[in-house]
Amino acid sequence: MPKGVYSRSHLLISPVERFWRKIRIADDGRSCWEWAGATFVSGGYGAINVHGVPERTHRFAFELAFGPIPRGYCVCHKCDNPLCVRPSHLFLGTIEDNNHDCDEKGRRPSGEGHCCARLTKGAVRDIRVNYKRRIVTQAHFATKYGVDRMTVADVINGKTWKGIS
């Protein structure tokens, strides 16, 4: 921790008290309770220091409301708001459950929106159309688009880029 960032007085306040001081609660009975403190850079989830260990605030909130989180489980958001800590908006699930929830709600980036994508929709169409016509080889497309030949094979066989024809 950089010198001077926190005063020593924060050590005298329990993590639970520090947690509740940073929550914005809407009083309509159904809105998110949003964390107004520090966040993790990745994902935008709230962050709180609990006895020297950074923890995600939605997990902290879940444990306050329901008790310990079983090993191997995620705390997922019904509301899809990473800053929300309202217990009724949180539920337990496996990593598989969380991934399925992401897919169901269309939150997982795919295609050109994925951070690692090297192909575009146009490139996928080019590969599929011209490979079917046997104009060029998979190796040609791999070189042309700067990807591995297996990437081209997965595009051709419909394993990836499923929504593009």
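The values are calculated or read from the model by the stated rules, or taken from the named source; none is laboratory data. Being a predicted model, the structure only gives us computed values, none of them experimental. As a convention, Cβ positions derive from the backbone with ideal geometry for all residues, glycine included, and neighbour counts pool all protein chains shown. Each accessible area value is taken on the protein alone, full model and side chains, heavy atoms only, with ligands, DNA and RNA left out. Shrake-Rupley method; radii C 1.70, N 1.55, O 1.52, S 1.80 Å.
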Open item on the list: Could you tell me how many of the residues in region 68-79 are open to solvent by less than 40 Å² (accessible area, probe 1.4 Å) and assigned to a loop (DSSP other than H, G, I, E, B)?
Closed with: 1
Task: Of all residues in region 35-52 being open to solvent by 50 Å² or more (accessible area, probe 1.4 Å) and part of a strand (DSSP E or B), the one that is nearest to Leu12 (Cα to Cα) - done: Asn49
Task: Check on Arg30, outside any loop (DSSP other than H, G, I, E, B), in contact with a helix residue (DSSP H, G or I) (Cβ under 9 Å, 6 or more places away or on another chain) and of a type in the set (Lys, Arg) - done: no
Task: Filtered residue count, region 85-94, keeping only those that are out of contact with any Ser or Thr (no Cβ under 7 Å at 6 or more places or on another chain), outside any helix (DSSP H, G or I) and surrounded by 14 or more Cβ atoms within 10 Å (Cβ to Cβ) - done: 5
Task: For Asp97: the one exception among (1) assigned to a helix (DSSP H, G or I); (2) open to solvent by 40 Å² or more (accessible area, probe 1.4 Å); (3) in contact with a Ser or Thr (Cβ under 9 Å, 6 or more places away or on another chain) - done: (3)
Task: Odd one out for Arg118, checked against (1) more than 28 Å from Gly106 (Cβ to Cβ); (2) surrounded by 11 or more Cβ atoms within 10 Å (Cβ to Cβ) - done: (1)
Open item on the list: On the basis of being at pLDDT 85 or above and either within 21 Å of Trp161 (Cβ to Cβ) or part of a loop (DSSP other than H, G, I, E, B) (or both), does Pro82 make the cut?
Closed with: yes
Task: Check on Arg56, out of contact with any Ser or Thr (no Cβ under 7 Å at 6 or more places or on another chain), surrounded by fewer than 11 Cβ atoms within 10 Å (Cβ to Cβ), within 26 Å of Cys102 (Cβ to Cβ) and modelled with pLDDT of 90 or more - done: no
Task: Test result for Ala65, at pLDDT below 95 and loosely packed, with under 14 Cβ neighbours inside 10 Å - done: no
